[in-house]
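For reference, the structure is listed below as structure tokens.
The values are calculated or read from the model by the stated rules, or taken from the named source; none is laboratory data. This one's a predicted model, so the numbers in the text were calculated from it and none came from an experiment. Quick reminder, even Gly has a Cβ in these numbers, built from the backbone with ideal geometry, and neighbours come from all protein chains shown.
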Amino acid sequence: MRRALLALALLAVAPHARANPLDPFGFGSRGAAMGGAMAADARSFDANYYNPAGLVRAEGLELSIGYFRASHYLKTNGHDNDVDPVKGLVGGVVAPGEVLGVPFAFGLGVHLPDDRISRVRAFRQETPRWELYDNRNQRLYLAANLAISPTPWLQLGGGMSFMSSTEGHLDISGLANIFRVEDSTLRHQVDADLTSVRYPQFGARVALSDRVALAAVYRGEFKLKLDLTAYLHGSISELTTAVYQLETHSVNNFLPQQFVFGGSWLVTDDLRAALDVTWVNWSAYVPPVASLDVHLDIPPPPGGWPNGITPPQTPAKTRIAALEMHDRAVPHLGLEWRALATRAWEGFLRAGYEYDKSPIAPQTEVTNYIDRDRHAMSFGLGGRALSPLRELPGDVRLDAHVQLSELASGATIKRDPADLVGDYTATGHIWNVGATLTVGFK
Amino acid sequence: MRASALGAALLLIASTAHASPEDLFGYGARSQGMGATGAASAEGYEAAYANPALLSRMRVRKLSLGLQGATFALDAGGDRLSYARAKGTVIGVDLPVPFGGVLEDRVGLGLAFYTPTDVVVRGKILYPETPQFPLLPDRAQSVAVRLGVGVDIGWGLRVGAGFAALAEINGSAIVATDATGRVGTRVEDQLVATYAPAAGLTYDLPLGTRAIWRAGLAYRGTLDARFAVVIDATKLSSLNIPLFNISGLAQYDPAQIALELARETPELTLALGATYKRWSAYPGLLEPTILCPADNADCGALTPPKVAYTDTLALHAGVDWAIEVAQPLTTHLRAGAFTDPNPLPSRVPAGQAYDPGQKQTVSVPTRYFNAPRVALTWGAGLRTRKPLPPIDLDVFGQYHLLVPTDHTSDDGTPLGKASGHVLVGGVVLGVRF
């Protein structure tokens, strides 16, 4: 019975909060294929995410567009939980130049999901969910950055990413006809704002030599708050009056701050190795559960309620259970081999690996924020055409990637043998495939 | 009507938008100082809004950052209505694409953004009897995102295309009591991108004179964003609760066609144009809270007032006078004016509301106000070249006068006069690189 309930619940739900879809799936095919080990190596539109300092290394204007799809096969108790795929366009612009003799660049990076800009799904805190993978699924990513290179061996960059929070007020008034609902004479008005949320990212890259570089990147924390009030007032079929006031506050999306330290080593003219370590401040995570403050006043009608009608009661205030999470250091490893090099063409083979140890403490109490350790292995191909046309004096690059994330199987054992959801096992994998086309101008 | 039901509903009432600030004030400090002209005369990233065909004129990369603000002093029926200032950041990017061969110096990309400082989008859908200017101040509280590409075909002909993007929201909230007797809520809402196409062409008339005479034609598609949220608490308890349809069209720019003629010399640019706006297609702000079922289309639910908006023709004129102060320094003085007629009829239908005192549905006046605007604009610019830093600095100001306009309810009740003024100003700094 519990298994059936759990399966049904998971079939019905998916993400609650959201975070950055680029963290698990990369930004652009080159980065995804190299396990996200790009802090010291990014030099194209992907530098908008991996390290803004890299933008200034572009040799000319670059325009990039691509697509990826990450399909989840996440299961509990053997049942697929139908977590929606992450899919959409990626792209960006890098415009390098000089200001007062100093190399300068502007960059814009975007991931635009196919189906939506963002999505909120809100459930009770007991409802099972793949918290982190759902978190990172359904969201726009938009960042603008600037970079300079004050000396040939130093690049600095920074910028902002953009999202929005919500605050507002809803008012519904009129007559609710409980005998003929379609004859209810209700009206509504809305006064709501999507407020700006901007969070920063900064990066630095130091070239120790022509072959070795180190990098450091900071990505800021952000929260998407939802602060709303409501006032519902009117008549219930002229039997009695109803007044309903509500105030709710929640954090619907939380992205922890991150520090990345990375290095890139051109081992030979054709082989590059890169290693990044990302420290993620998961311990600051805010549970995605709304606090509610409700006032309900529905006096009984003279003579009492008609037979068969039970008036609604004021629900108990939500008691939000703590969500314990731990900071994590996430290693990323990438290799790139230039397997083909002619005057007109270059070909690349890439591979990468990433390990995400789950930051979520065992879910032994009432909440069910499911997560498992993730091993992500990736592989990629790249082709580069040099000055392919008179009209294209730069290059054209086509990269493709495939990434397999394996989530280790594990059991969640509840402390309370009468827990509504009960014990369960969880495991799964994620396939991420995509391609990116870049046109570079000199 | 549990707390969870309403809470769920509120989670969904996220983005209600109003129309674009560029439709109200024009876009870009140069254009805004020149009477919001641009279909034949725009420069740089400003052409992403005014006419993407002119993006092909760009030759130098430039990043522009600026600030813009507007204050509203609007009177309705003798009362000053309170509206927040609209202030935001302008970001523009000029990207000439350095193709070679036959495409050399022929293709340009432009990115034009405006982001309000405090909000991304403001949605204010009030009861119709609340005095309000539904087409003016809150329309300035919305993000603007426009991208375009322009191509120089040759023979004086340029073409361009682009789009504007916004977001709308749709979703549902289902509240029910589960098998164990506990209340469960399922809320899902999505922000979905909406796009409006833009296209344009310009033609340099072959008059053989030193001055370039250019005709420009630009089309901007309807930019709208609806919010549509359904709250279903019918399975919450034995109390029969209707479905709540919390929906409306909070954001709307009508489809429009701009036609302009410009005369350009290195010293002087003159522009004169008109913009047709198809307001008659505007369906209005609100939708019914209770939808009648298909088999009972004439149910007793309230319907919002249906206002018949009318198409408008706005006129624009502007001038830009360039003065070379020194070899590396050029200043610009600009002036202009434009009109924006009122699409809202002076006589609007009344709305309906339930009156708990009378215990019946009563008629309430629709206090929508608007008035034709006449705007005077001015601006100045500074262009520096080597050995000075490669900088463009532009400032502008606008004064909008609302021509006093009487409004009446359709039952003949006078609602009062709409009047007031709007002040707009901004500064943009561009760096060429």
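Worth a mention:
- Enumeration of residues in the range B:381-391 that are more than 26 Å from the chain's Cα centre (by Cα) and not in a loop (DSSP other than H, G, I, E, B): B:382, B:383, B:384, B:391
- Selected residue [of a type in the set (D, E, K, R), within 14 Å of chain B (Cβ to nearest Cβ) and either surrounded by fewer than 19 Cβ atoms within 10 Å (Cβ to Cβ) or on the phi > 0 side of the Ramachandran plot (or both)] from A:269, A:297: A:297
- Under the condition of being under 32 Å from the mean Cα position of the chain (by Cα) and under 30 Å from residue B:217 (Cβ atoms), the residues counted in the range B:319-336 number 9.
- Residue list for the range A:364-394, filter: crowded, with 20+ Cβ neighbours inside 10 Å, assigned to a strand (DSSP E or B) and within 14 Å of another protein chain (Cβ to nearest Cβ): A:392
- The set of residues in the range A:54-104 that are of a type in the set (D, E, K, R) and assigned to a strand (DSSP E or B) comprises A:62, A:69, A:75, A:80, A:87, A:98.
- Residue match in the range A:143-155 (condition: at the interface with chain B (Cβ under 9 Å from one of its Cβ atoms), in contact with a strand residue (DSSP E or B) (Cβ under 8 Å, 6 or more places away or on another chain) and either touching a residue at least 60 places away in the same chain (Cβ under 8 Å) or assigned to a strand (DSSP E or B) (or both)): yes
- Pick from the range A:169-198, criterion facing chain B (nearest Cβ under 7 Å) and of a type in the set (S, T, N, Q), ranking: surrounded by the most Cβ atoms within 10 Å (Cβ to Cβ): A:184
- The residues of the range B:153-169 that are crowded, with 18+ Cβ neighbours inside 10 Å and either modelled with pLDDT under 75 or within 14 Å of chain A (Cβ to nearest Cβ) (or both), listed by number, are B:163, B:166, B:167, B:168, B:169.
- Restricting the range B:301-318 to residues that are free of Cβ contacts under 8 Å to residues at least 60 places away in the same chain and over 21 Å from the mean Cα position of the chain (by Cα), the residue that is nearest to residue B:249 (Cα to Cα): B:306
- Matching residues, the range B:209-230, being of a type in the set (Lys, Arg) and either outside any strand (DSSP E or B) or under 23 Å from residue B:263 (Cβ atoms) (or both): B:210, B:214
- Residues that are surrounded by 16 or more Cβ atoms within 10 Å (Cβ to Cβ), more than 14 Å from every other protein chain (Cβ to nearest Cβ) and closer than 14 Å to residue A:128 by Cα, drawn from the range A:395-442: A:412, A:414, A:424, A:426, A:427
- When the range B:108-147 is filtered for residues that are of a type in the set (Val, Ile, Thr) and either surrounded by fewer than 20 Cβ atoms within 10 Å (Cβ to Cβ) or closer than 23 Å to residue B:26 by Cβ (or both), the ones remaining, listed by number, are B:115, B:117, B:119, B:120, B:121, B:130, B:143, B:145.
- Odd one out for residue B:268, checked against (1) more than 14 Å from chain A (Cβ to nearest Cβ); (2) touching a residue at least 60 places away in the same chain (Cβ under 8 Å): (2)
- Residue B:305 being in a loop (DSSP other than H, G, I, E, B), more than 14 Å from chain A (Cβ to nearest Cβ) and surrounded by 18 or more Cβ atoms within 10 Å (Cβ to Cβ): no
- For the condition farther than 26 Å from residue B:137 by Cβ and away from chain A (no Cβ under 14 Å), residue B:63 does not qualify.
- Residue within the range B:96-103 that is touching a Ser or Thr at 6+ places or on another chain (Cβ under 9 Å) and in contact (Cβ under 8 Å) with a residue 40 or more places away in the chain present: no
- Single condition residue B:245 does not satisfy, out of (1) in a strand (DSSP E or B); (2) modelled with pLDDT under 85; (3) at the interface with another protein chain (Cβ under 9 Å from one of its Cβ atoms): (2)
- Candidates are the residues of the range A:158-168 that are more than 8 Å from every other protein chain (Cβ to nearest Cβ) and crowded, with 23+ Cβ neighbours inside 10 Å; the one that is modelled with the lowest pLDDT is A:163.
- For the range A:67-114, the set of residues classified as small (Gly, Ala, Ser), away from chain B (no Cβ under 14 Å) and crowded, with 21+ Cβ neighbours inside 10 Å consists of A:70 only.
- Within the range B:341-365, the set of residues being touching a residue at least 40 places away in the same chain (Cβ under 8 Å) and either within 24 Å of the chain's Cα centre (by Cα) or closer than 20 Å to residue B:269 by Cα (or both) comprises B:342, B:343, B:344, B:346, B:348.
- Candidates B:145, B:151, B:93 - the one that is within 18 Å of the chain's Cα centre (by Cα), among the hydrophobic types (A, V, I, L, M, F, W, C) and not in a loop (DSSP other than H, G, I, E, B): B:145
- Members of the range B:197-215 found to be under 19 Å from residue B:278 (Cα atoms) and in contact with an Asp or Glu (Cβ under 7 Å, 6 or more places away or on another chain), listed by number: none
- Hey, residue A:243 more than 7 Å from every other protein chain (Cβ to nearest Cβ), without any contact (Cβ under 8 Å) to a residue 40 or more places away in the chain and closer than 30 Å to residue A:125 by Cβ or not: no
- Residue within the range B:287-295 that is modelled with pLDDT of 95 or more, surrounded by fewer than 19 Cβ atoms within 10 Å (Cβ to Cβ) and of a type in the set (D, E, K, R) present: no
- As a summary of the residue check, residue B:366 satisfies the conditions (1) part of a strand (DSSP E or B); (2) within 14 Å of chain A (Cβ to nearest Cβ) except for the one numbered (1).
- The single condition from (1) assigned to a strand (DSSP E or B); (2) farther than 23 Å from residue B:114 by Cα; (3) in contact with a helix residue (DSSP H, G or I) (Cβ under 7 Å, 6 or more places away or on another chain) that residue A:229 fails is (3).
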